[in-house]
Amino acid sequence: MSRKLSNEKILVIDPDTTYWAITDNLTEAKKIENEYTDGIREELKRAIETKSKQILPTFIEFHVTEACNLNCKYCFVPEKYRRNIRMTMNGDQIHNVIAKVLNYVDTIEDKNYNVAISFQGGEALLCKELLMEIIEDYSNEKRLEFTFQTNATLIDESFLDFCINKNITLGISLDGPKEINDMTRVYPDGKGSFDRIFSAIELMKSKGVRPDVITVVTKFNVENLSKIIEFYHKMKIRSVLLNPVEPLNKMALSLVPTFEELSSYYEKAIRSALKINVENPHDRIIIRNVQELIMCLVSDIIPRSCYMSPCGTAR
Ligand code: SF4
C-alpha cells in the first residue's frame, strides 16, 4: 500500500511484513509496489516466523491492579474499575504469576537469560507495600529484574530508597510542563497532577536518579513536542518515550492527533533532541522510540516492547 507522508514524500509499505520504502513520486511508488512480488512477501513472512521463534521474552508488563488515584482523560481502564481498589491482585495471585515466569526461565539453558517484570496498573503503587514485600522474597533470584511504571504521585522517600537499594528502575508518566500535563493527567476532582509528579522527580534527582519518562502524545501537546523535549532536558530527564494516545475509548479517540501532525511535530522534536545532544554531549536526552527504531534498522537488537506490525505485542 502507498500513503502520502507530505507534499514531497510517499511511503510504500506492506503492514504484514513491514517491507517499506520512501519515494518522492507516485510513478516510482507504483514501480516499487510492482517489484514487491508474492515471492518476496512469502520469503519475508518465513523469515519473520523463523526469527520470532528464536526470540525469548525479556520484558513482562504485569498489571497488578486496575485501580488508580488519577483520572487521566484518555485512560484505557474503565472508570468503575479505576475507582475500585478491589480490582487489585492479592499476594498469592501475584506470587503464582511470578512462579510461572520463573518456571519458564528455568527451562532456558542460557544462564545469562533474564526477565524484567514491570509492575503497572492502574496505579501499581497503590499496593506498593505488598509489592515491596514480594520483591524482597525474590531477592536471590538473579534471573529476575523488577521495574515500575507509575504516575509518580505516590512515590515517597522510603519507596524510592527501596528501589535504589534493589536496583529497580522507575518509569514516570508525564505529559509535559504543568500547563500541558494538567490538561490530561488529572485527579478525579479535576486538579492537575504536575506538582506532585514534579516533587517526585526532584526527590529522585536529589538521590542521583535521572528519571525516564513516558509522554502520551495527544492533540493537547503534539504541537509542543519540541518544547517538551527542551523542558525535559532542563529537568534532567534521561529519556522519554513519546507514545501517541491509543484510541481505546471515545474520549481518547477525540484526542488522537492527525498523521500529518504526528509526523511533522515528531520530526521537530527529534531535531530539538539532536541540537541539545550536540550542544551537551555529556548531558543528553534520548527519545527512546527513535533510539529503538534506529537499533532495529542497523542491528540485530530487538526492543523490549515492540510496536511494529505484524507482531505488535505491545500495541
Ligand atoms: S495514571 Fe494511568 S491508569 Fe491512572 S488514570 Fe492515568 S492513564 Fe489511567
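Read the figures in this text as sums done on the coordinates, not as results from a lab. Just so you know, these numbers come straight off a predicted model, no measurement behind them. Cβ coordinates were reconstructed from backbone atoms using ideal geometry, including for glycine residues, and neighbour counts include every protein chain displayed.
So, counting K/R as plus one and D/E as minus one, what does the shell of residues with Cβ under 13 Å around Asn69 add up to?
Residues near Asn69 contribute +2 overall.
The distance separating the Cα centre of segment 75-148 from that of segment 212-256 comes to 26 Å.
This model, with +1 at the C-beta of Lys and Arg and -1 at the C-beta of Asp and Glu, gives segment 1-54 a dipole about its Cα centre of some 180 debye. Excluding same-chain neighbours fewer than eight residues apart, the aspartates and glutamates reachable from Lys45 by a Cα-Cα span under 20 Å are Asp14, Asp16, Glu33, Glu35, Asp300. Put in line by how crowded their Cβ is, counting other Cβ atoms within 10 Å and starting with the fewest, Tyr187, Tyr36 read Tyr187, Tyr36. Working from the Cα coordinates of the chain, the gyration tensor eigenvalues give, after taking √(5λ), semi-axes of 34, 27, 20 Å in decreasing order.
Between rounded, prolate and oblate, where does segment 154-285 land on the alpha carbon gyration tensor, with a ≥ b ≥ c its root eigenvalues, rounded for a/c under 1.5, else prolate if a/b exceeds b/c?
Working: a/c = 2.14, a/b = 1.22, b/c = 1.76.
Since a/c reaches 1.5 but b/c is at least a/b, the shape of segment 154-285 is classed as oblate.
Look at Glu109, Glu223 and count the other Cβ atoms within 10 Å of each Cβ; fewest to most, that gives Glu109, Glu223. Under the combined filter of DSSP loop state and at most 14 neighbouring Cβ atoms within 10 Å, segment 159-206 retains these trypsin sites (Lys or Arg not before Pro): Lys191.
How long are the semi-axes of the ellipsoid equivalent to segment 228-285, from square roots of 5 times the Cα gyration tensor eigenvalues, in whole Å, largest first?
On the way: eigenvalues 151, 33, 10 Å².
Taking √(5λ) for each eigenvalue gives 27, 13, 7 Å, largest first.
Axis angle, to the nearest 10 degrees, between helix 259-279 and the longest C-alpha principal axis of the chain: 70 degrees. In the structure shown, do any of Lys128/Lys250; Lys73/Lys219; Lys178/Lys234; Lys51/Lys142; Lys205/Lys268 have a Cα-Cα gap over 21 Å, and if so which? As for pairs spanning more than 21 Å Cα to Cα, those are Lys128/Lys250; Lys51/Lys142; Lys205/Lys268. Can you give the angle from 0 to 90° between the axis of helix 128-137 and the longest principal axis of the chain, with both taken from C-alpha atoms, to the nearest 10? Once rounded, one gets 90 degrees.
Could you grab the relative contact order for segment 1-54? Cα pairs under 8 Å, six or more apart, rounded to a whole percent.
Values: 51 pairs, mean separation 13.8, N = 54.
25 percent.
Taking the C-alpha atoms only, the angle from helix 157-166 to the longest principal axis of the chain is near 60 degrees.
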